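The values are calculated or read from the model by the stated rules, or taken from the named source; none is laboratory data. Quick caveat: nothing in here was measured; it's all calculated off a predicted structure. FYI the Cβ positions are ideal-geometry reconstructions off the backbone, even for glycines, and counts take in every protein chain you see. All accessible areas refer to the heavy atoms of the entire protein, side chains included, with ligands and DNA or RNA removed. Shrake-Rupley method; radii C 1.70, N 1.55, O 1.52, S 1.80 Å.
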Amino acid sequence: MTITETNKKILDFNYQLAAQDEAFPTLQVLANDGSVVDEAALERTGLTDDQLVELMKHMLFSRELDIRSTKLAKQGRFGFFAPTAGQEASQMASAFAFNDEDWLFPGYRDIPEIIMKGWPVWKAILWSRGHVQGNVMTTDDGKDVHSWFPQIIIGAQYVEAAGVALGLKKRQKDAVAYAYTGDGGTSQGDFYEAMNFAAAYQANAVFIAQNNGFAISTPRDFQTAAKHLAAKGWAAGIPSVVVDGNDAIAVYLAAKEARQWAASGNGPVLIETLTDRLEPHSTAGDDPLRYRTKDDIDAWWQKDPLLRMRHFLTQRGIWNEELETAYIAEVNAHIDDQIKRADGVEKQKISDFLKNTLEVPSQVMQEQIAIFESEGK
Amino acid sequence: MTEKTYIAAVQDALDLALTKDDNTLIFGEDVGKNGGVFRATDGLQAKFGEERVFNTPLAESAIGGLAIGLTTQNYRPVMEIQFFGFLFEVMDSIAGQMSRNRFRFGGTRQMPIVVRSPYGGGTKTPEMHADNLEGMVAQIPGIRVVMPANPADAKGLLLSAIESNDPVVFLENIHLYRSMKGEVPEGYYTTPLDKAAIVREGQDVTIISYGGGVPVALKAADELGKQDINAEVLDLRTVSPLDIESIGASVEKTGRVVVVQEAQRMAGIGATVMAEISERFILSLKAPIGRVAAPDTVYPFGQAENDWMIKADDVIAKVKEIVDYD
Ligand SMILES: Cc1ncc(C[n+]2csc(CCOP(=O)(O)OP(=O)(O)O)c2C)c(N)n1
């Protein structure tokens with residue numbers, strides 16, 4: 001008697017582990033030098049030259065904001081700041097695939113994506129400094145920005161996004177909720193629960209796990225024994241893809257197709273972007289050299305998503321140094337202006353906090369309001 | 001005795017606990033190579049190895065469950081929750097499980113777990129990093145909540161917590177970590193749990209506080225001393241259960257009480273202290289009990305901390321009101 005081939009495979013645990021690699025190949029459109037490795041995929045994005053340039057500008061904006069924010073944080077003019085350099089393709093190219101009606105659920109590192117959606121930079125600065133005005137999600141001309149505030153509690157935004165996704169489905173909207181977390185975030189219960197709920201309801205959600213290699217000091221390999229974070233989506237019964245997170249075109253393509261799928265009522269999709277955080281976890285005293293080597297960081301700088309996009313667009317004849325220099329100057333002038341605006345915002349009042357905590361403040365709170373008001377606070 | 005920061009005292013205790021008992025394990029997010037985000041466990045992995053000091057994946061609920069499970073193999077887990085504002089993720093492990101297990105097993109199983117976590121405001125951390133949630137855990141039966149206010153206590157109380165066969169939530173004040181230094185005895189010693197300490201003697205009024213409130217109370221008492229008001233300062237050290245005896249002795253001595261806490265006013269430790277005093281020692285009181293606490297709002301974001309947090313001036317004003325009451 002010999003065991004059947006099927007039963008043998010089922011019981012071959014080594015085979016099962018190896019099969020994960022086959023199941024999750026990496027989506028890639030641009031090579032590191034900016035050359036196109038998959039012309040058909042590029043065409044499938046439907047991106048026009050103008051849109052390609054626009055995407056490049058979003059990525060450059062993000063890098064400049066990162067550079068300025070890091071400097072300002074060092075001068076003590078910012079509050080909390082989580083650097084984004086290296087993640088421009090993962091963040092901006094994915095966010096570029098969504099539209100105004102879609103709901104964004106960002107983590108603390110996803111500031112540039114919210115700005116892309118219309119959140120003014122001065123509010124982002126106020127958020128960083130811990131001013132509640134920064135959390136008011138409207139554009140300067142008063143339009144609602146369909147975004148939640150940047151979430152601090154890892155994973156919490158995922159379950160909430162599932163709720164929005166269900167709401168959109170019930171209202172039969174052609175829109176989705178899209179949520180970001182990091183590789184570390186995929187260990188939280190909320191991550192699994194969100195995918196499971198969204199899938200159970202076939203809700204309109206796109207989940208993006210930015211695998212940037214580290215959760216503070218903990219390397220990805222130690223976070224989970226799963227070879228691919230995307231594999232976690234399969235457990236919930238949803239399509240899940242791994243994409244080169246430094247390849248803006250591939251990230252855009254994955255996000256666009258995921259959006260189409262989810263907005264059409266087919267249920268959620270999970271996208272894992274393979275990228276790297278080139279800088280410290282935050283500007284509050286993290287030293288990456290305690291837990292990773294300089295060589296490793298340098299190697300990732302060689303894979304800078306901006307370089308790749310710059311080469312690609314330059315080869316295509318729609319980008320050059322002159323355009324880049326001019327745009328960077330424009331961005332910095334804008335940031336200067338926004339810093340001034342943030343600096344000019346009135347100090348927060350404790351009496352306002354008390355008024356905003358409950359719609360109807362209690363008697364004790366009323367007393368507290370009176371005391372703080374009498375002190376001008 | 002050597003002069004040490006609060007965080008160095010914590011580290012010292014952890015080092016001694018690991019040395020003394022092979023069953024002691026330290027784990028949590030980033031506690032390994034990085035030594036924790038505040039460096040409280042700095043160097044411990046290098047010294048004791050990855051088997052005893054190790055990082056966990058990013059999931060507080062599982063960190064709590066891990067601790068509970070490890071006790072069955074006679075380990076003594078010292079788990080770290082990176083910031084106490086992330087308590088909610090691990091609330092079931094703490095409130096629903098470890099605190100109830102001794103009761104559930106009819107007293108036949110022990111839960112020798114320490115939940116270490118930094119808490120408290122004044123360092124302009126992002127949202128959810130500074131919350132004072134001790135009131136929430138203090139309401140859970142079956143668990144101790146210990147909040148040291150100085151380096152010597154941080155060390156002695158942490159070693160007691162690790163020795164204890166009951167679960168202990170051990171809260172370390174972020175602001176004090178590096179801002180406070182003090183004399184710390186060398187070597188292994190324990191400071192008893194469930195015992196308050198008089199950290200300043202006085203006759204006119206008792207200021208009762210704990211954790212980050214104690215330095216504020218002491219500052220106020222020093223200032224009041226210059227104005228001929230001699231305040232006694234009682235540091236609760238363990239906020240659940242309360243040391244009623246020490247509270248009573250001081251109340252009977254001074255007859256006037258001001259309770260000071262960093263947390264919001266509603267419910268909480270201060271309210272419990274006031275209730276116990278009212279029930280047991282009301283005839284010793286010469287004035288209503290005063291309270292200094294933060295306003296009843298969500299902990300504000302960084303920029304408004306200075307206005308929001310309690311200050312020595314608030315304590316001084318409240319003490320004067322109580323002393324002047326007739
Ligand atoms: C519930 C919770 N636990 C812990 C933290 C502390 N913390 C902040 S960021 C972080 C690591 C996150 O890593 P990852 O999800 O990979 O995102 P990345 O920062 O790399 O973008 C940790 C542990 C938190 N903010 N929330």
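Please report, largest first and rounded to whole Å, the three semi-axes of the ellipsoid equivalent to segment B:217-326, where each semi-axis is the square root of five times an eigenvalue of the C-alpha gyration tensor.
Values: eigenvalues 106, 65, 29 Å².
Equivalent ellipsoid of segment B:217-326: 23, 18, 12 Å, largest first.
Taking the square root of 5 times each eigenvalue of the Cα gyration tensor, what semi-axes in Å does the equivalent ellipsoid of chain A have, largest first? Don't skip to the answer; put the middle values down first.
On the way: eigenvalues 259, 149, 87 Å².
Equivalent-ellipsoid dimensions as semi-axes: 36, 27, 21 Å.
Name the residues whose placed amide hydrogens come within less than 5 Å of the amide hydrogen of B:VAL53, ignoring near sequence neighbours (fewer than 5 apart) on the same chain.
B:ILE26
Name the residues of segment A:357-372 whose accessible area, probed at 1.4 Å, falls by at least 10 Å² once all protein chains are in place instead of their chain on its own?
Buried on complex formation: A:THR357, A:VAL364, A:MET365, A:GLN368, A:PHE372.
Roll a 1.4 Å probe over the protein heavy atoms and report the accessible area of B:TYR189 in Å², nearest 10.
So the heavy atoms of B:TYR189 present about 40 Å² to solvent.
Taking all protein chains in place and a 1.4 Å probe, what share, in percent, of the accessible surface of chain A do carbon and sulfur account for? Let's see the in-between values first.
On the way: 9000 of 16850 Å².
Ligands and nucleic acids excluded, carbon and sulfur reach 53 percent.
In square angstrom, what is the accessible area per residue of the protein assembly as shown with a 1.4 angstrom probe?
Accessible area per residue: 42 Å².
In segment B:2-184, carbon and sulfur make up what percent of the accessible area (probe 1.4 Å)?
50 percent
How much of the DSSP bridge set in chain A is antiparallel, in percent, rounded to the nearest 5?
So the antiparallel bridges in chain A amount to around 15 percent.
Sorting A:LYS377, A:LYS143 by accessible area (1.4 Å probe), largest first, what list results?
Accessible-area ranking of A:LYS377, A:LYS143, largest first: A:LYS143, A:LYS377.
What number does segment B:141-199 give for Rg over Rh if you use C-alpha atoms and the Kirkwood radius? Could the numbers behind the result be given before it?
On the way: Rg = 11.5 Å, Rh = 12.1 Å.
Rg/Rh: 0.95.
What is the gain in length, in nm to one decimal, between A:LYS143 and A:ASP287 on full extension, counting 0.36 nm per residue of separation less the C-alpha to C-alpha distance?
47.9 nm
Taking square-rooted eigenvalues a ≥ b ≥ c of the alpha carbon gyration tensor, is segment B:22-120 rounded, prolate or oblate, where a/c under 1.5 means rounded and, failing that, a/b exceeding b/c means prolate? Don't jump to the answer; show the numbers that get you there.
Details: a/c = 2.43, a/b = 1.38, b/c = 1.76.
Because a/c hits 1.5 or more and a/b fails to exceed b/c, segment B:22-120 counts as oblate.
Report relative contact order for segment B:93-239 in percent, whole number only (criteria: Cα-Cα under 8 Å, sequence separation at least 6).
The value is 25 percent.
Considering Cα pairs under 8 angstrom that are at least six residues apart, work out the relative contact order of chain A and quote it in whole percent.
Contact order relative to length: 22 percent.
Could you work out which residue, out of A:PHE197, A:PHE222, A:PHE78, moves most in a Gaussian network model of chain A, that is, has the largest mean-square fluctuation with Cα springs under 10 Å?
Looking only at A:PHE197, A:PHE222, A:PHE78, the largest GNM fluctuation is found for A:PHE222.
B:VAL323: accessible area at probe 1.4 Å, nearest 10 Å²?
40 Å²
Classify segment A:227-349 as rounded, prolate or oblate from the Cα gyration tensor: take a ≥ b ≥ c as the square roots of its eigenvalues, call it rounded if a/c is under 1.5, otherwise prolate when a/b beats b/c and oblate if not.
Rounded.
Which value, in Å² rounded to 10, gives the accessible area of A:GLU367 with a 1.4 Å probe and all protein chains present?
90 Å²
Out of residues 5 or more away from B:GLY290 or on other chains, whose amide H comes under 5 Å of its own, with H placed 1.01 Å from N in the peptide plane?
Those lying under 5 Å, H to H, from B:GLY290 are B:VAL257, B:VAL258, B:VAL259.
Largest first, how would B:ARG144, A:ARG290, A:ARG44 line up by accessible area (1.4 Å probe)?
The most accessible residue leads, giving A:ARG44, A:ARG290, B:ARG144.
How big is the charge dipole of the protein assembly as shown about its Cα centre, in debye rounded to the nearest 20, if each Lys and Arg gets +1 on its Cβ and each Asp and Glu gets -1 on its Cβ?
Numbers: 68 positive and 98 negative charges, 206 e Å.
Roughly 980 debye for the protein assembly as shown.
Across segment B:259-265, in residue order, what do the Karplus-derived ³J(HN,Hα) couplings come to in whole Hz, using 6.51 cos²θ - 1.76 cosθ + 1.60 with θ = phi - 60° and x for Gly and Pro?
My calculation for segment B:259-265 gives 9, 10, 9, 6, 6, 4, 6 Hz in order.
Using the Kirkwood radius over C-alpha pairs as Rh, can you work out the diffusion coefficient of chain B via Stokes-Einstein at 25 °C, viscosity 0.890 mPa s, in µm² per second?
On the way: Rh = 20.0 Å.
The calculation lands on 123 µm²/s.
As a test of reading the structure, rank A:LYS349, B:LYS155, B:LYS47 by solvent-accessible area (1.4 Å probe, protein chains only), most first.
Output order, biggest surface exposure first: B:LYS47, A:LYS349, B:LYS155.
Which of the residues in segment B:126-152 lose at least 20 Å² of accessible area when you go from the chain alone to all protein chains together (probe 1.4 Å)?
At a threshold of 20 Å² (probe 1.4 Å), the residues of segment B:126-152 that become less exposed are B:PRO126, B:GLU127, B:MET128.
Any idea what the dipole of segment B:234-326 comes to, in debye rounded to 20, about its Cα centre with Lys/Arg Cβ at +1 and Asp/Glu Cβ at -1?
Here the size comes out at about 160 debye.
With +1 on each Lys and Arg Cβ and -1 on each Asp and Glu Cβ, and nothing else charged, work out how big the dipole of segment B:72-170 is about its Cα centre, in Debye to the nearest 20. Intermediate results must be reported in sequence, preceding the final value.
Values: 9 positive and 9 negative charges, 75 e Å.
Dipole about the Cα centre, nearest 20: 360 debye.
Viscosity 1.002 mPa s, temperature 20 °C: Stokes-Einstein D of segment B:2-184 from its Kirkwood Cα radius, in µm² per second?
133 µm²/s
Taking θ = phi - 60°, what integer Hz values does the Karplus form 6.51 cos²θ - 1.76 cosθ + 1.60 yield along segment B:296-306, in sequence order, with x for Gly and Pro?
Karplus values, whole Hz, x for Gly and Pro: 7, 10, 4, 4, x, 5, x, 5, 9, 3, 4.
Out of all DSSP beta bridges in the protein assembly as shown, what portion is antiparallel? Express it as a percent rounded to 5.
Details: 13 of 69 bridges.
Counting only bridges with both partners in the protein assembly as shown, antiparallel ones make up about 20 percent.
If amide hydrogens are placed 1.01 Å from N in the peptide plane, which non-local residues have theirs closer than 5 Å to the one on A:SER147?
HN-HN under 5 Å from A:SER147: A:LEU104.
Could you tell me the total accessible area buried at the A-B interface, probe 1.4 Å, in square angstrom to the nearest hundred?
In total, this chain pair buries about 2900 Å².
I'd like the residues of segment B:82-111 whose 1.4 Å-probe accessible area shrinks by no less than 20 Å² going from the isolated chain to the full set of protein chains.
When all protein chains are present, B:PHE86, B:GLU89 each give up 20 Å² or more of accessible surface.
When N is the residue count of the protein assembly as shown, what does its C-alpha Rg come to as a fraction of 2.2 N^0.38 Å?
1.04
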